[in-house]
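Before any comments, here is the structure.
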Amino acid sequence: MRAALPLFAASLLAGCATTPTNANPQDAFFDALAARCGKAYAGRLASDQEADAEMRGKAMVMHIRHCTAQRIEIPFHIDGLGPDGGWDRSRTWIVSRTATGLRLKHDHRHADGKPDEVTLYGGDTADAGTATRQTFPVDAESIAMFERTGRSVSTTNIWSVETTGTGFTYGLDRQGRHFRVAFDYAKPVTPPPAPWGW
């Protein structure tokens, strides 16, 4: 009887040791991004499709610029694609909490700060995902926008965002389309200027 008690206690302690501190993978994912708030990282194009040829070899920076308990804003900067041949600062990824999960939206603006014709598109998570990867199928609002602007090819988009101990990856997938940009957490850089219009 005496030997059984220590074994029982040990099994309880072992169970506690393996229990994750944050059992909700979406909360863990959001918190992992927020923990890097204010930091910027160098990256690169990590896919190889002709549609993205102009991005190949370009310097890229993602900046986890602003965070609240409900929303994280991540500008994505690309060198050499701006109107003057400089940095393109038109894109900001916005990850926010919803009542049922997480939402990804894309804020696109012109150099004068005005919103692009196609902006604030994205989608909500359809499942719990993992603490390191979340996917966002296109939402009805975005489908309507794509159809209205002649971009019906985008009505089956699924976006993904990954954050691991080593880096951040943003992706877009649909039939025949595979886009990835990857950023290395071991390569922090000086935070860039604000994205256009912010």
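Some observations on this one:
- With all pairs of different C-alpha atoms in the average, the Kirkwood value for the hydrodynamic radius of the chain is 18.4 Å.
- Here the ratio of the Cα radius of gyration of region 109-158 to 2.2 N^0.38 Å is 1.35.
- Under-5 Å amide H pairs with residue 81, H placed in peptide plane, nonlocal only: 88
- Calculated FRET value between residue 79 and residue 144, using beta carbons and R₀ = 25 Å, to 0.05: 0.15
- The C-alpha atoms of region 22-139 occupy a region whose extents along the principal axes are 46, 29, 27 Å, arranged from largest to smallest.
- Measuring nothing but protein heavy atoms, the accessible surface of region 24-113 at 1.4 Å probe radius is 45 percent carbon and sulfur.
- Taking all protein chains into account, the per residue accessible area for the chain stands at 53 Å² (1.4 Å probe).
- Relative contact order %, region 72-190, counting alpha carbon pairs below 8 Å whose residues are six or more apart: 13 percent
- Charge dipole (the chain, unit charges on Cβ, about Cα centre) - positive-most of 100, 115, 77: 100
The values are calculated or read from the model by the stated rules, or taken from the named source; none is laboratory data. Small disclaimer: the values here were computed from a predicted structure and weren't measured. All Cβ positions, glycine included, derive from the backbone under ideal geometry; neighbour counts span all protein chains shown. What goes into the accessible areas is simple: the full protein's heavy atoms, side chains included, and nothing from ligands, DNA or RNA. Shrake-Rupley method; radii C 1.70, N 1.55, O 1.52, S 1.80 Å.
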